[in-house]
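Taking it in order: structure first as structure tokens, then the write-up.
The values are calculated or read from the model by the stated rules, or taken from the named source; none is laboratory data. Values in this document were obtained by computation on a predicted structure and should not be read as measured data. Don't worry about glycine lacking a Cβ; one is built from the backbone with ideal geometry, like all the others, and counts go over all protein chains shown.
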Amino acid sequence: MKLKSILSAAIFTGLFSTAGIAGTITSQDNNVVVGYWHNWCDGRGYQGGNAPCVELEAVNPQYNVVNISFMKVYDTAEGRIPTFKLDPTIGLSEAEFIEQINTLNSQGRSVLLALGGADAHIELLSGDEDALATEIIRLTDLYGFDGLDIDLEQAAITAKQNQTVIPAALRMVKDHYRKTGENFMITMAPEFPYLTANGAYTPYLTELDGYYDFINPQFYNQGGDGIWIDGVGWIAQNNDELKEEFIYYIADSLINGTRNFHKIPHDKLVFGLPSSNDAAATGYVKDPQDLYRAFDRLKAQGQPLRGVMTWSVNWDMGTDSANNSYNQQFIADYGNFIHNQLPPVTDMTPTLAGIVDTRIEVNNAFDPLVGVTAKNYQGNDITDSITITGNVNTNQVGEYLLTYSVSSDDETANQVRKVTVYEVLPSFAGISDTTIVIGSPFDPMQGVSASHPTQGDLTANISITGEVDTSIVGEYELIYTLTYGQDNQQTITDKRVVTVVSDAVSDNDWKADSTYVGGDIVTHNGTTWTAQWWTKGEEPGTTGEWGVWR
């Protein structure tokens, strides 16, 4: 168990909330500046610079969330459950590393373990949930981590069953610490193209809805990826001239779930940027005013963001290719700006899930609560508190509206659902307009049938109104009526025109070597036939009930 020093924490109360300091986990309730910390030394940058290894205690105190990079699978021969191993080249013993985490906690700062990274080879299988949760809890209790950040990239995002196993394990871990009254923090760092409505990170977001604390997407390294804005056009992530517009519009799209992006509430969205040109291929904000103005626009519409994230604290303290120090410019540009913003107001409105418009067949059973759930803003299940206004008469065809309501923490969520009660109708077959030669025999039921998907063959229930006099040239109308149903009998009808023609049409006798298309009429053996589709060489009267000739 890590000890907290209330006295030390008091020094930083001007910067951060110290909520949770009395427990074993330090979580953040207010704005955050997140920085990733390298568990290795001397990383070469995109512009030839260097990112040195640094001790945790050397990280600028305005970084109130520090993500340790990375928890991963070091050797597949050791198994597929990822873990964390402190790199000895940093120069810290495990005891010193633990003590430095404790020091950051005593200052009201959180230290999270980041899972993944660009070179992660994580491939979990169904059934690994318990093992992964156990390992996360072990590392948390051993080192004093305050949460976990999902930082899966590329193939690792969708590998094997990662999308279901990792969220399930994290729910177990969060629930484990909730029992002691503590908030094990869960965050994510998806590359923003994966945040579309059906993007690769959607399963993590939906499965951890009510469990994650905030999302800090990577708005860097994606080059020409961006967003289309009506009236503005395409805004690429790497367009420095439109940086303010990119920051504003991509954030606006995410916090409102518009422009085909998955919704992340404004008080849970942290904007991720590289700390220098060396830290990422693209995405560095050359003019901090672009971010200030974009954030102010979001604040003005009542949707201030939670903060900023950077890759990485090491690069913020690194040097360029000429060995000039980056001099912690990122934290200098954004630290005070973020911490002096009014913190986002937490949306305490409960959420309803599983409410979708539904179609049910008449006389079938319908339970309006099947698949429907509700959670309060903290992610606790409050499904039993759902009330429903309206009713559905499953014995009567029609459209019905149900209003679902649930209340928690003096906030209420409402959602309307349309339920359509429909009837599957029977159908006729073989009823089509027909031409016959005068004097030819005609059976109005030949080839005619009726059926229902559940009631079966109903041909015997057909009655016919009208007659055909085959001795007189003319057009005759027949009405076919089908009666169906048991307790509540109903009918459907269909009309057929039978044309009796004189012998003059015999000039149009069928010929075996002629080609016919749909609608062509021929006579053969005293009967008039109509082709239903292209045919050649198929003799009328020999193609059967469902053949080409009628």
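Checking V501 against (1) without any contact (Cβ under 8 Å) to a residue 60 or more places away in the chain; (2) over 29 Å from N363 (Cα atoms); (3) among the hydrophobic types (A, V, I, L, M, F, W, C), which test does it fail? Here V501 clears every test but (1). Restricted to the stretch 289-307, and to residues there that are within 12 Å of A251 (Cα to Cα) and hydrophobic (A, V, I, L, M, F, W, C), the residue that is surrounded by the most Cβ atoms within 10 Å (Cβ to Cβ) is L305. Of everything in the stretch 200-232 that is at pLDDT below 95 and among the small types (G, A, S), the residue that is surrounded by the fewest Cβ atoms within 10 Å (Cβ to Cβ) is G231. Here's a check for you: in the stretch 208-218, which residue that is in contact with a Ser or Thr (Cβ under 8 Å, 6 or more places away or on another chain) and not in a loop (DSSP other than H, G, I, E, B) is nearest to T351 (Cα to Cα)? For the stretch 208-218, the residue satisfying everything is F214. Can you find even one residue in the stretch 254-273 that is in contact with a Ser or Thr (Cβ under 6 Å, 6 or more places away or on another chain), of a type in the set (G, A, S) and surrounded by fewer than 22 Cβ atoms within 10 Å (Cβ to Cβ)? The answer is no; no qualifying residue exists. For the stretch 138-162, the set of residues classified as within 23 Å of Q218 (Cα to Cα) and crowded, with 19+ Cβ neighbours inside 10 Å consists of F145, D146, G147, L148, D149, I150, D151, L152, A156, I157, N162, listed by residue number.
Quick check, is L458 at pLDDT below 90 and under 30 Å from I360 (Cβ atoms)? Answer is no for this residue.
Can you find a residue that is in the same structural domain as K174 (by TED's automatic domain parsing), part of a strand (DSSP E or B) and modelled with pLDDT under 95 anywhere in the stretch 45-66? No; the residues of the stretch 45-66 include none that is in the same structural domain as K174 (by TED's automatic domain parsing), part of a strand (DSSP E or B) and modelled with pLDDT under 95.
Conditions (1) closer than 21 Å to A77 by Cα; (2) hydroxyl-bearing (S, T, Y), marked per residue:
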| position | (1), (2) |
| --- | --- |
| I122 | yes, no |
| G127 | yes, no |
| I137 | no, no |
| L142 | no, no |
| A155 | yes, no |
| T158 | no, yes |
| N162 | yes, no |
| V165 | yes, no |
| L170 | no, no |
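Only one entry of N277, N239, N260 meets the criterion of being within 25 Å of the chain's Cα centre (by Cα) and under 23 Å from P193 (Cβ atoms), and that entry is N260.
Across the stretch 71-112, which residue is farthest from the chain's Cα centre (by Cα) among those that are in a strand (DSSP E or B) and surrounded by fewer than 22 Cβ atoms within 10 Å (Cβ to Cβ)? Ranking the qualifying residues of the stretch 71-112, first place goes to T83.
Yes or no, residue by residue, for (1) crowded, with 17+ Cβ neighbours inside 10 Å; (2) among the aliphatic types (A, V, I, L, M); (3) under 30 Å from N64 (Cα atoms); (4) not assigned by TED's automatic domain parsing to the domain that holds A280:
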| site | (1), (2), (3), (4) |
| --- | --- |
| N327 | no, no, yes, no |
| A332 | no, yes, yes, no |
| I355 | yes, yes, no, yes |
| E361 | no, no, no, yes |
| N364 | no, no, no, yes |
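Considering only the stretch 144-190, state which residues are assigned to a loop (DSSP other than H, G, I, E, B), of a type in the set (A, V, I, L, M) and closer than 23 Å to G35 by Cβ. The answer is A189, and nothing else. Looking only at the stretch 382-436, which residues are surrounded by fewer than 16 Cβ atoms within 10 Å (Cβ to Cβ), of a type in the set (D, E, K, R) and touching a residue at least 60 places away in the same chain (Cβ under 8 Å)? Listed by number, the residues that qualify are D409, D410, E411, K418, E423, D433. The residues of the stretch 366-390 that are of a type in the set (S, T, Y) and either in the same structural domain as G210 (by TED's automatic domain parsing) or part of a loop (DSSP other than H, G, I, E, B) (or both) amount to a single one, Y377. Candidates in the stretch 401-425 are the residues that are closer than 30 Å to L458 by Cβ, among the aliphatic types (A, V, I, L, M) and assigned to a strand (DSSP E or B); of these, the one that is modelled with the lowest pLDDT is V421. Of all residues in the stretch 172-191, those satisfying the criterion of being more than 21 Å from R306 (Cα to Cα) and aliphatic (A, V, I, L, M) are M172, V173. Could you list all residues from the stretch 34-44 that are at pLDDT 95 or above and under 18 Å from Y220 (Cβ atoms)? Matches in the stretch 34-44: V34, G35, Y36, W37, H38. Can you pull out the residues in the stretch 252-303 that are aromatic (F, W, Y) and over 17 Å from A236 (Cα atoms)? Listed by number, the residues that qualify are Y292, F295.
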